[in-house]
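Below is one structure; the comments refer to it alone.
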Amino acid sequence: MRHTEFWNRMEQALGRGYARAWAEQHVIGELGSRTVQEALAAGESPKQVWEAVWRTLELPLRDK
């Protein structure tokens, strides 16, 4: 998964205006107690980060 697809999925799940703010503020334990932004900046793959977001938000299987 590319970063572009990751951010498209984030915007679909949370809305365009809120996705980036959520990614900067919400800490996810599965990502080493880091935010989405921190995990991506540290080199985590967008796919792994998305899967952690997907589980955290309890999104439907179709969004995985």
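Please sort 10-20, 32-42 by packing, taking for each peptide the average over its residues of neighbouring beta carbons within 10 angstrom, highest first.
Ranking the peptides 10-20, 32-42 by packing returns 32-42, 10-20.
For Leu57 and Ala21, compute 0.36 nm times the residue count separating them, minus their Cα-Cα distance, and round to one decimal in nm.
11.5 nm
Please calculate how many Å² of accessible area the chain carries per residue, with a 1.4 Å probe and no DNA, RNA or ligand atoms counted.
It amounts to 64 Å² per residue over the chain.
Can you give me the % of accessible surface on the chain that is carbon or sulfur? Probe 1.4 Å, all protein chains present, nothing else counted.
Heavy-atom surface of the chain belonging to carbon and sulfur, 1.4 Å probe: 44 percent.
Candidates (1) 29, 12, 6; (2) 19, 12, 11; (3) 16, 13, 12; which is the computed semi-axes √(5λ) of the Cα gyration tensor in Å?
(3)
Could you tell me the relative contact order of the chain? Use alpha-carbon pairs under 8 Å, at least six residues apart, and round to a whole percent.
Result for the chain is 30 percent.
Given only helices, namely DSSP H runs of n ≥ 4 each adding -39500 (n - 2.57), what is the per-residue ellipticity at 222 nm of the chain, to the nearest 500 deg cm²/dmol?
Taking each H run of at least 4 residues, the total per residue is -18500 deg cm²/dmol.
The values are calculated or read from the model by the stated rules, or taken from the named source; none is laboratory data. Everything numeric in this text was worked out from a predicted model, so none of it was measured. For neighbour counting, all protein chains shown are included, and Cβ atoms are generated from backbone atoms with ideal geometry for every residue, glycine included. Areas reflect the complete protein model, heavy atoms only, side chains present, ligands, DNA and RNA absent. Shrake-Rupley method; radii C 1.70, N 1.55, O 1.52, S 1.80 Å.
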